[in-house]
Amino acid sequence: MTYNNRRQVVTLGQLRYQLSELLIDGGQPVMVVKNRIPLGFFLPARMWSERNDSVAAKEMVEVILASSGQSSRDLLACIDEAAQRPGKRMKLDTLGD
């Protein structure tokens with residue numbers, strides 16, 4: 001992973017191999033590239049839960065949601081729906097509201 005001004009840059013291949021690390025330990029946004037062309041951003045759930053405590057996290061969450069056409073209410077509805085599915089256990093308290 002390359003660190004560039006608090007932003008991680010990973011290739012698509014690196015993302016495949018390091019996804020569990022990013023999901024568990026990720027605390028900052030990740031730009032995913034292929035052949036140096038940006039494909040998108042990965043925003044760890046930790047940033048969602050820290051959005052009220054960190055200006056940087058809040059700004060990144062707002063940018064990602066705005067560019068995806070989703071709202072925080074949409075995201076919360078998805079989290080709630082996923083939590084209601086049988087056999088799924090989510091720690092919603094870690095995701096915030």
Can you work out ³J(HN,Hα) from phi for every residue in the stretch 26-41, in order, using Karplus 6.51 cos²θ - 1.76 cosθ + 1.60 and θ = phi - 60°, giving whole Hz and x for Gly and Pro?
x, x, 8, x, 10, 8, 9, 10, 9, 6, 6, 9, x, 9, x, 10
Residues meeting the amide H criterion for Val33 (H placed from the backbone, H to H distance under 5 Å, 5 or more places apart or on another chain) are Val10, Thr11, Leu12, Leu39
Testing the spin-label approximation: label points 7 Å from Cα along Cα→Cβ at Leu12 and Asn52. State their distance in nm.
3.9 nm
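Throughout, read-outs are computed from the coordinates displayed, never taken from laboratory work. Note that the structure is a prediction, hence the values are computed from the model and not measured. Here the Cβ is made from the backbone with ideal geometry for all residues, glycine too, and neighbour counts use every protein chain on show.
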